[in-house]
Structure formats: C-alpha cells, structure tokens
Amino acid sequence: MFGIGRAAAAIGLCIALAGFGHAAEPQTYRERGAYLVETLGACGNCHTPRDAENRPIEGLELAGGREIDVEAGHAVGPNITPERDTGIGGWSLWQIVHALRNGKRPDGTIIGPPMPTLFYRGLSDRDAEAIAVYLKSLKPVRHAVLRSQYKVPLPPDYGPPVGHVAEPDRGDKIAYGAYLAGPVAHCLECHTPRNGPLLDLNRLGAGGREFPDFGNPGAVTISRNITPDPEMGLGKWSDADIKGAILLGHRPDGTRLARTMPFDAYNGMTSDDVNAIVDYLRTLKPVK
C-alpha cells in the first residue's frame, strides 16, 4: 500500500501529466513537421546554441553552433534554417529528406554523429517530407558555425539508399511505440551501448553511454538502462513514473534528470505517443 505522502505525490504527478500528453489531432505537413522537429525529435537539443545558463539563445533557434563531445570526436550542430549561405536554404526538399535518411549532404559528404542517421533511415516518407517542409518554412538565420572534428574516420555511407518507407500502423501500439522510440525520438540511440562504432543491438536500451551534462558545464552524464529489468532498469517503475521522466524530467524519487534528456521538448507529446512509447519499452528484453 502507498503511504499518504506517496499517494499524494502520485495524485500530483497524475495532475501534472494531465497538462501534457494532449490528444492527437489531424495535422498538415507543416504542422506534423513542427511537431516532429520541436517535440518528438527535439532537434533543438543539438541544433540550437545555448548561453552559459543552458538557455536557448533567442533568435538563433535551429541556427547551429552547439558543441557536443561524443565518442567519435567534437561535434558542432549545423545551421538547419533555410539561410542560403550558412544554412540549408540551397537544399531542395528531396535533398533534406535524403540527408535525413541517408546521412549525406547534397555535396556527397557524410553527416557524422550525434546525428542518429541509422534510426532516421526508418522515418516514413510522410514524416521525412514533413520535417523538410517545416525546416524550409522557418525564418532564415545567417549564422556561420564551425565544422565538426572527428577522431575516427566516418563510414562511406550508412547502407543502401533508403527507398519507400510506409507510414507506421498506429493501431499497433507496440509497433508504433517502436517507431517513435527509434526513428522519430531516437531514444534508443542514446540509451543503447556501443560495440565499437556500432550500437550493440543485443543490449538494446541497456544504457551506459557517456554524454555531456548540458545543465552542468564540464560534467558528464550516463544514459540510463531503460529496459524492464527490475533491478537495473525500469521494471519497478509505474507507467506514471516513466511518463514523469519523459515529460517532466524527474525520477520516481523526485530527483531531476540531466538536462541532456530533452524533456522540455518531450513535454509537448500527445498522450497517444507517450503511451505508445511506454508500452513499447515494456516489451524490450530485460538487460542487467
């Protein structure tokens, strides 16, 4: 049984979550693209520069320049506004879609990490096109940024060019949750350990990767095990506990998650989407 304090906390969390996770509504391509870029994909986490207090710099949304140390080297988020000289203003919609799903710029150069290209290869045609439509609709921001510097050679490609990718079946909650946690929100990109240059898919969701702590300059944070293992993962967390972490950025004990987790963006998820993600995470193989 919950104690009175625990029960009150649970009720408070339910009330807090009720303010987020709104129901899904029909969307235009641009509206869908805005939701994917600003909420589910949390693209600003890498592509919007921050000030010393980790606050997005006003006027430079998605204009690049955020620097992130990753296993492969020192990455700098590029300008993805439609400014012609410093952004992607000279790219066609098809070239943006191709870059998303194949990891190649129009000039043929490879896009390196932390861009989750291996997951974006699974973006549906409509979602990839919606992202491109939204990015092309943004206000162009002239903002030149440094190039990423990698310690290891990048691959020549990420596989055969992606062709048609169908829309996910939203009626299949597990499959749809897998689509959201993989190709769209790419949760599994950060929460799956690597085996050399590749993700260790035998330990999908087992965590253990090191990232900069965006809310604490100079510090690092370790991605959590999000498999349903009862001791090391989320097996003892309730659905509300998991939603509290995703949408509000706190653990069941009330401690805060590192701001590397983009919960400020995720708190705009629809209820259908966050529920599908939680349902899918419950199906992962428990890993200690």
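The values are calculated or read from the model by the stated rules, or taken from the named source; none is laboratory data. These figures come from a predicted structure and were not determined experimentally. When we count neighbours, we look across all protein chains shown, and the Cβ atoms used for this are built from the backbone with ideal geometry, even at glycine. Remember, those area values only see protein heavy atoms, side chains included, never the ligands or the DNA or RNA. Shrake-Rupley method; radii C 1.70, N 1.55, O 1.52, S 1.80 Å.
Taking the condition part of a helix (DSSP H, G or I), of a type in the set (Ser, Thr, Tyr) and either modelled with pLDDT under 95 or on the phi < 0 side of the Ramachandran plot (or both), does Thr39 pass? Spelling it out, Thr39 is indeed part of a helix (DSSP H, G or I), of a type in the set (Ser, Thr, Tyr) and either modelled with pLDDT under 95 or on the phi < 0 side of the Ramachandran plot (or both).
Filtering the range 184-220 to residues that are small (Gly, Ala, Ser), crowded, with 18+ Cβ neighbours inside 10 Å and in contact (Cβ under 8 Å) with a residue 60 or more places away in the chain leaves Ala185, Gly205, Ala206.
Enumerate the helices (runs of 4 or more DSSP H) found wholly within the range 43-123, keeping only those where 2 or more residues are open to solvent by less than 30 Å² (accessible area, probe 1.4 Å), more than 17 Å from Gln149 (Cβ to Cβ) and free of Cβ contacts under 8 Å to residues at least 60 places away in the same chain. Fully inside the range 43-123 and qualifying: 93-102. Within the range 133-153, if we keep just the residues that are of a type in the set (Lys, Arg) and in a loop (DSSP other than H, G, I, E, B), the residue that is surrounded by the most Cβ atoms within 10 Å (Cβ to Cβ) turns out to be Arg142.
One line per residue, one yes/no per condition, for (1) touching a Leu at 6+ places or on another chain (Cβ under 7 Å); (2) within 25 Å of Asp200 (Cα to Cα); (3) surrounded by fewer than 18 Cβ atoms within 10 Å (Cβ to Cβ):
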{"position": "Ile222", "(1), (2), (3)": "no, yes, yes"}
{"position": "Gly244", "(1), (2), (3)": "yes, no, no"}
{"position": "Asp253", "(1), (2), (3)": "no, no, yes"}
{"position": "Pro262", "(1), (2), (3)": "no, yes, no"}
{"position": "Tyr266", "(1), (2), (3)": "yes, no, no"}
{"position": "Leu284", "(1), (2), (3)": "yes, yes, no"}
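Only one of the numbered conditions (1) at pLDDT 95 or above; (2) on the phi < 0 side of the Ramachandran plot; (3) not polar (S, T, N, Q) is not met by Leu198, and that is (1).
All told, Arg224 meets the bar of being in a loop (DSSP other than H, G, I, E, B), in contact with a His (Cβ under 8 Å, 6 or more places away or on another chain) and among the basic types (Lys, Arg). Would you confirm, using the coordinates I've provided, whether Ala24 is in a loop (DSSP other than H, G, I, E, B), at pLDDT below 95, among the small types (Gly, Ala, Ser) and in contact with a helix residue (DSSP H, G or I) (Cβ under 7 Å, 6 or more places away or on another chain)? So Ala24 passes the test. Identify, by number, the condition in (1) surrounded by fewer than 18 Cβ atoms within 10 Å (Cβ to Cβ); (2) out of contact with any Gly (no Cβ under 8 Å at 6 or more places or on another chain); (3) not basic (Lys, Arg) that Ala181 doesn't meet. Answer for Ala181: the failing condition is (1). Ile242 falls short of the stated requirement of being in contact with a helix residue (DSSP H, G or I) (Cβ under 6 Å, 6 or more places away or on another chain), assigned to a helix (DSSP H, G or I) and within 24 Å of Arg66 (Cα to Cα). Look at the range 241-253: where a residue is farther than 16 Å from Ala265 by Cα and a partner is of a type in the set (D, E, K, R), sitting 6+ places away or on another chain with Cβ atoms under 7 Å, you get Pro252/Asp241.
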